[in-house]
Each structure stands twice: as C-alpha cells, then as structure tokens.
1. Which one is surrounded by the most Cβ atoms within 10 Å (Cβ to Cβ), of the residues in region A:85-140 that are free of Cβ contacts under 8 Å to residues at least 60 places away in the same chain and aromatic (F, W, Y)?
2. Restrict the check to region A:89-102 and report whether at least one residue is within 11 Å of the chain's Cα centre (by Cα) and within 12 Å of another protein chain (Cβ to nearest Cβ).
3. So which residues in region A:13-28 are facing chain B (nearest Cβ under 8 Å) and touching a residue at least 40 places away in the same chain (Cβ under 8 Å), if there are any at all?
4. Scan region B:156-178 for residues that are at the interface with chain A (Cβ under 7 Å from one of its Cβ atoms) and not aliphatic (A, V, I, L, M) and report the count.
5. Just need a number here: residues in region A:32-60 that are surrounded by 14 or more Cβ atoms within 10 Å (Cβ to Cβ), at pLDDT 85 or above and touching a strand residue (DSSP E or B) at 6+ places or on another chain (Cβ under 8 Å).
6. What is the residue count in region B:124-147 for residues that are more than 23 Å from A:Y19 (Cβ to Cβ) and buried (at least 19 other Cβ atoms within 10 Å of the Cβ)?
7. When you scan region B:106-122, do you find a residue that is over 23 Å from B:S61 (Cα atoms) and buried (at least 17 other Cβ atoms within 10 Å of the Cβ), even just one?
8. With B:R181, B:R129, B:R142 as the choices, which residue is more than 10 Å from chain A (Cβ to nearest Cβ), of a type in the set (K, R) and in a helix (DSSP H, G or I)?
Amino acid sequence: MRRVHSYCGLALLFFIAMYAVSGAGIIHSSQLDLAPQIVTERVTLDVVGNPDGAELARYLAGKFGAHSRGEPTAVRENGRWIVSFIEPGGVVRFDVEPNLRSASMERRKGSLVQKLVALHKVSGFEGGLAYTAWGALVDMVSLAMVLFTVTGVYLWFVSTRDRRLGYAVLVASWGFTLAACIIHLAMT
Amino acid sequence: MVTKRTMRTRLAGWARLTHMYGGLVFSSYFVLYAVTSIGFNHRVQRDFPYREAMNWAQQLSWPDAVDHRSRAEGIRDQLGLVGPIMGPVEEAAGGNLVFQVHRPGVRYTVRTDRATGMAQIHANRRGIRSVLSFMHGQGPVRGSWLMGGWWLFTEASWVFLLISALSGSYMWLRRGNPVVRWGGLSVSGAVFVLVFLWVIGW
C-alpha cells in the first residue's frame with residue numbers, strides 16, 4: 001500500500017502541484033492581471049491559387065507557427081478571410097485581405113500564470129493527441145486523489161496506535177463537507 | 001547538542017505528521033475535487049437542468065456607486081442575496097441594471113426598476129451537481145459563514161497540496177538508493193515539463 005501511495009504520488013507530483021498553483025490563480029483571478037498581451041502586425045502572404053478556409057488555415061499555421069486546439073476556424077466576411085487559432089491561454093487571429101497578398105495578424109499571448117490558469121480549465125479529449133493525453137492525465141490525477149485518500153487513511157490506520165486525533169480530524173473533515181453540501185441543497 | 005542527523009530525523013518526523021494529518025484534514029475535499037474534476041472532464045456538469053424557478057419583487061433604494069458592478073453589489077446586499085456576481089452587469093433602458101448572482105445550487109437574475117424603486121428577482125434552482133461544482137473551487141464570498149468557511153477550506157487545501165508534495169518528496173528522497181530516488185523525481189519532473197510544453201504548444 002505504501003508503494004502504491006509513493007509511486008503514484010511520484011508519477012503525478014508535478015501535475016498535482018500545477019493544479020494547486022493554477023487553482024489558487026483561479027480563486028484569486030480578480031487580484032491578478034490576467035489580461036493577455038496583444039500584439040498586432042501586418043504580414044505579407046504568398047498564397048498560391050484560391051484556397052478554401054481549411055487550406056488557408058493550414059498555410060497560415062505552417063508559415064507563422066500558429067497552434068489551435070482542434071481545427072482552426074475560418075470564416076468569410078465581405079470577401080476577407082478571418083482565421084482564428086485558439087489554444088489554452090492564447091489566440092492568433094488573421095484578417096486576410098481578399099487578394100490573399102497580406103493580412104493583419106493579432107496575437108493574444110498569455111503569461112505563464114495565464115497559461116496555467118487556462119490549462120486548469122481544459123477539459124475533454126478532443127482537439128488532437130496532446131489534448132487527449134491531457135484529458136487522460138486529468139482523469140488520472142483525479143483518480144489518484146481518491147487513491148491517495150484511501151491509501152493514506154489506510155497507512156494512517158495501520159501505523160498509528162492512538163487513533164483518537166485521526167478519527168476526530170476525519171469526522172470534522174467529512175462532517176464539514178457533507179454539512180456544506182446538505183445545507184447548500186436545503187437552502188435552494 | 002543537536003546534530004545534523006537529529007535535525008534530519010526531526011524534520012522527517014514533522015514531514016510525516018504534516019503529510020499524514022493534513023491528508024486526513026483535506027481527505028473529504030480531495031474526494032470532492034476528484035469527483036467534480038472527472039465530471040468537468042467528461043462534461044457531466046456542463047448543463048444544469050433547471051429544477052424549479054421562483055420569481056419575486058423587493059423594494060430597493062438606489063445605491064451610490066462609481067460603476068455598475070459596485071452598484072450591483074450594493075443591490076445584491078440590499079436584497080439579501082449571497083454569492084458572487086457572475087458575467088457582465090448589463091445596463092437596460094432607463095439606467096436600470098440586469099445581472100446574475102450565483103450561489104451553490106441557485107442562480108438569481110436581478111432586474112432593477114428605478115421608476116418604481118423595485119427589483120425583480122428570478123431564481124433558478126439547480127441540483128447537487130451545481131452545488132458540487134461550485135464547491136470545487138470557490139472564491140471569497142461575503143455574507144455567508146458557510147461559504148466563507150468553505151472558501152477558507154479551499155484556500156487551505158491548495159496550500160496543503162503544495163506542502164504535501166514537498167513533504168512527500170522529502171520522505172521519498174530519504175529512503176533507499178539516492179540515485180534511484182533522485183532519478184525517479186527527475187524523470188517525473190521531465191515528463192511533466194514535456195507534456196506541459198506539448199499541450200501549450202511551445
């Protein structure tokens with residue numbers, strides 16, 4: 001049991017620490033400056049032919065290194081193409097001229113804290129292999145929290161003779177959480 | 001005289017006690033965190049069905065404030081509603097305000113009517129999933145000892161998670177072959193950094 005607790009903790013140590021830090025960032029988001037840094041520049045393009053939205057998005061991604069969770073969106077507005085690449089904590093938006101010769105590129109880049117906060121909120125498995133892996137990690141970290149609790153309580157139980165303090169702490173913890181749930185439900 | 005070895009033994013003892021009893025204190029929060037995280041990840045909690053709706057009107061005196069959000073907070077307090085104001089505070093015709101107050105399990109929509117000095121309140125009651133989601137990471141809330149207490153518990157839980165990670169690492173490094181122990185920790189850190197950079201696209 002100790003090995004399960006230790007090895008599981010070691011494997012997910014940094015992910016759990018990241019969730020703790022980013023969770024604190026979300027709780028204190030009103031005190032933090034989470035507005036992204038916006039940089040707009042004019043870029044020249046050398047598009048060949050008359051591509052559709054998906055082809056143009058692929059070209060822009062290759063030329064400017066833009067990333068997106070899932071497929072980028074490409075919308076036609078008055079002959080112009082608006083192509084957006086959205087990922088956790090960052091957005092790149094291209095406003096492409098109708099002649100496909102130039103575009104306005106707007107990058108909204110978040111700081112490391114903003115990236116962490118955005119990653120904390122990432123859920124689901126869609127958007128490519130990286131996000132599928134991240135979704136699986138979220139599930140693993142969540143299940144690990146249950147595993148840590150169960151194995152931790154077991155390790156406390158078998159390694160302690162006088163368990164009165166532990167029982168009191170456990171009852172207080174679970175009592176408070178259950179009472180909070182029940183009172184909130186009753187108040188609704 | 002306290003030797004280095006005695007100091008290390010004492011430190012290890014404190015690390016073990018903090019890790020163990022802190023874990024017991026926050027065990028309920030960690031289970032709640034796990035259940036709600038899996039719910040978020042699998043989009044279980046995205047749509048909270050409205051269980052029941054209620055409407056009522058209350059007298060209101062228009063508060064002096066520098067902006068709409070502060071005014072909305074003043075109105076919320078006058079109406080005796082508890083919870084953070086979520087989303088934008090919209091300005092309707094006649095300088096009236098429309099905003100939402102969220103409390104675990106309830107979402108209030110408040111519409112003011114300056115001409116009559118009244119506020120119309122529409123309350124959407126939601127279920128246990130809404131309550132649990134709110135409790136997953138609740139920020140500071142005024143006017144409710146329960147929500148204030150839960151906020152403190154939440155704050156303490158993330159601090160303890162970090163302490164637990166540190167104390168756990170310390171206990172891990174104290175036992176067995178140091179090369180294997182440091183190696184394991186380094187591999188774990190490297191995997192995290194690689195996955196992190198991969199997902200954020202750097």
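The values are calculated or read from the model by the stated rules, or taken from the named source; none is laboratory data. Given the structure is predicted, the values throughout are model-derived calculations rather than measurements. Backbone-built Cβ (ideal geometry, glycine too); neighbour counts: all protein chains shown.
1. Among those residues, the one meeting the criterion is A:W134.
2. Checked against the condition, which is being within 11 Å of the chain's Cα centre (by Cα) and within 12 Å of another protein chain (Cβ to nearest Cβ), region A:89-102 yields at least one hit.
3. Listed by number, the residues that qualify are A:F15, A:I16, A:M18, A:Y19, A:V21, A:G23, A:I26.
4. Qualifying residue count for the region: 4.
5. 4
6. The total comes to 2.
7. Yes, region B:106-122 contains at least one residue that is over 23 Å from B:S61 (Cα atoms) and buried (at least 17 other Cβ atoms within 10 Å of the Cβ).
8. None of the other options fit; the residue is B:R129.
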